[in-house]
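The values are calculated or read from the model by the stated rules, or taken from the named source; none is laboratory data. This one's a predicted model, so the numbers in the text were calculated from it and none came from an experiment. Here the Cβ positions follow ideal geometry from the backbone for every residue, glycine too, while neighbour counts run over all protein chains shown. Please note that ligands, DNA and RNA were not included when accessible areas were found on the heavy atoms of the full protein model with its side chains. Shrake-Rupley method; radii C 1.70, N 1.55, O 1.52, S 1.80 Å.
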Amino acid sequence: MPVTSQLFKAFRCREIRKICCSAVQCQNQPQPLANFWHEDAFARPPGPPAQWRQSRGYRTSSERCYNLTPPQVNSILKANEYSFKVPEFDGKNVSSVLGFDSNQLPANAPIEDRRSAATCLQTRGMLMGVFDGHAGCACAQALSERLFYYIAVSLLPHETLLELESAVEAGRAVHPILQWHKHPNDYFSREASRLYFSSLRTYWQELIDLNSPGETPDVKEALVSAFKRLDSDISLEAQVGDPNAFLNYWVLRVAFSGATACVAHVDGNDLHVANTGDGRAVLGVQEADGSFTAVTLSNDHNAQNEDEVQRLRAEHPRSEAKTVVKQDRLLGLLMPFRAFGDVKFKWSIELQRRVLESGPDQLHENEHTKFIPPNYHTPPYLTAEPEVTYHRLRPQDRFLVLGTDGLWETLHRQEVVRIVGEYLTGVHHQQPITVGGYRVTLGQMQGLLMERRARVSSAFEDQNAATHLIRHAVGNNEFGTVDHERLSKMLSLPEELARMYRDDITIIIVQFNPHVVGAHQQAADGDGQ
């Protein structure tokens, strides 16, 4: 770790101690369409929308005291964890995926991140995704409910689409196309299900007209089509509105907020990652000596990606070359250069004003929706089109980490892969203790060595790999070890301060089955000979 980075982290530790020491207070039935739309619908809690938004089951930190005990820390870290193991058949796992662990830790109140995971029932494979919302959680929530259906429909062969449409037209029951794997807090919006189903049905009707019988959908094309179509539907629904007052306000909230998406589709040894924004997918590869190497399977769509900067500038007149990206943000405002929603960066000024004028009063009171970005001359400036990466799995590819930027801002990808790899295998590759430019006494060095021993002995206090990773992301000190005091104080920061020190963190860790992957590889090699 560079000395400057260590000094910055040390400074943040001291600042957190100052803040915490100066504070004295202590502080979860399917619908008619649910057989198709989803299997586990959760109604919103009673009360008006304002109360609903605050009544989410996510744990936040404002109710806890600053001196948390280890059991209290564990309770916070494990509140939103979820694990799924792929079922075995005849005592064997025939899937290339063993299972996955996921977790979330809020910084915003309410949390703006979302996650989803599902098994494709009428095609093959599994879908996992993390969604990072901004300007509210509405768009990320919509993506977590809708995007996988658009992907699954895009992957259906022509004959299955015809059967689906025939069943709906005749009013017959339709078989679900997804089996969801969700934490109870990962709810569905009951009020919007009919609207969502109507838009999805229009999409598959168009696919029926476009596709030919016997044609096998291409996974990459399906992912791109699904991302773009859902973003288009979000925009159209907001323009058309809805007679239902709640729905009308909801579709506008979805469209005017925004979200990034990082989605993985695993089918046998075929791994596709579709990324829009600054979420990230990193593969953990086990080397011959047992250590782990990080292989990034996505590109961040922000100012640090020079190709993205050049793409944006090429899409607009040369007169906007200095304003389209300003201070490392789109039009000086937005950090991700690709996102769903965010119609303020896509619609014309005239369309924005027309929709706002006819919208509900709550929208008029929102300064964010009324604000027009500076130097807004040639929209759209933003796209939801994903960048799709393909990777053929190998036996040494042991796991995949999907994470929102709150993870990658705190840990380097190689450190993430090392932590997860050691947790999953139980083998710890000790690195020499480095202290950078610090002057460390023998007593301090002994303390560091004792911390290392404790870290190894307590590695399995977490039963969930994502929880274990969050523990390190939030609690690591300047020497790269989990410091309980730091972890306690970071988890105890009041809501108004937590966002200053970290972002929402959402993680899905997918573990692969090397035996099944190896068997697929041998079969493919045999067919190629």
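Are any of the residues in segment 338-355 farther than 26 Å from residue 245 by Cα, over 26 Å from the mean Cα position of the chain (by Cα) and either of a type in the set (Lys, Arg) or open to solvent by less than 60 Å² (accessible area, probe 1.4 Å) (or both)?
No, because not a single residue in segment 338-355 is farther than 26 Å from residue 245 by Cα, over 26 Å from the mean Cα position of the chain (by Cα) and either of a type in the set (Lys, Arg) or open to solvent by less than 60 Å² (accessible area, probe 1.4 Å) (or both).
Could you check, for segment 143-153, whether at least one of its residues is among the aliphatic types (A, V, I, L, M), part of a loop (DSSP other than H, G, I, E, B) and in contact with a helix residue (DSSP H, G or I) (Cβ under 6 Å, 6 or more places away or on another chain)?
Checking segment 143-153: not a single residue is among the aliphatic types (A, V, I, L, M), part of a loop (DSSP other than H, G, I, E, B) and in contact with a helix residue (DSSP H, G or I) (Cβ under 6 Å, 6 or more places away or on another chain).
Here are the criteria: (1) exposed (fewer than 14 other Cβ atoms within 10 Å of the Cβ); (2) out of contact with any helix residue (DSSP H, G or I) (no Cβ under 8 Å at 6 or more places or on another chain); (3) assigned to a loop (DSSP other than H, G, I, E, B). Tell me which single one residue 307 does not satisfy.
Failed condition: (3).
May I ask you to verify whether residue 231 is open to solvent by less than 50 Å² (accessible area, probe 1.4 Å), among the charged types (D, E, K, R) and within 17 Å of residue 509 (Cα to Cα)?
It is false that residue 231 is open to solvent by less than 50 Å² (accessible area, probe 1.4 Å), among the charged types (D, E, K, R) and within 17 Å of residue 509 (Cα to Cα).
Limited to segment 335-348, what total is found for residues that are in contact with a Pro (Cβ under 8 Å, 6 or more places away or on another chain) and not polar (S, T, N, Q)?
Within segment 335-348, residues that are in contact with a Pro (Cβ under 8 Å, 6 or more places away or on another chain) and not polar (S, T, N, Q) number 5.
Restricting the search to segment 238-250, which residues are crowded, with 17+ Cβ neighbours inside 10 Å and either under 22 Å from residue 336 (Cβ atoms) or of a type in the set (Phe, Trp, Tyr) (or both)?
Those that are crowded, with 17+ Cβ neighbours inside 10 Å and either under 22 Å from residue 336 (Cβ atoms) or of a type in the set (Phe, Trp, Tyr) (or both): 238, 249, 250.
For segment 167-194, how many residues are in a helix (DSSP H, G or I) and either of a type in the set (Val, Ile, Thr) or open to solvent by 60 Å² or more (accessible area, probe 1.4 Å) (or both)?
Going through segment 167-194 one residue at a time, the tally reaches 4.
What about residue 322, is it farther than 30 Å from residue 122 by Cβ, of a type outside the set (A, V, I, L, M), open to solvent by 10 Å² or more (accessible area, probe 1.4 Å) and touching a Pro at 6+ places or on another chain (Cβ under 7 Å)?
No: the conditions fail for residue 322.
Mind listing just one residue for me: the one in segment 485-529 that is modelled with pLDDT of 90 or more and over 26 Å from the mean Cα position of the chain (by Cα) and, of those, most open to solvent (accessible area, probe 1.4 Å)?
Filtering first and then ranking leaves 515.
Quick one: is residue 157 exposed (fewer than 14 other Cβ atoms within 10 Å of the Cβ) and either more than 30 Å from residue 102 (Cα to Cα) or in contact with a helix residue (DSSP H, G or I) (Cβ under 8 Å, 6 or more places away or on another chain) (or both)?
In short, no.
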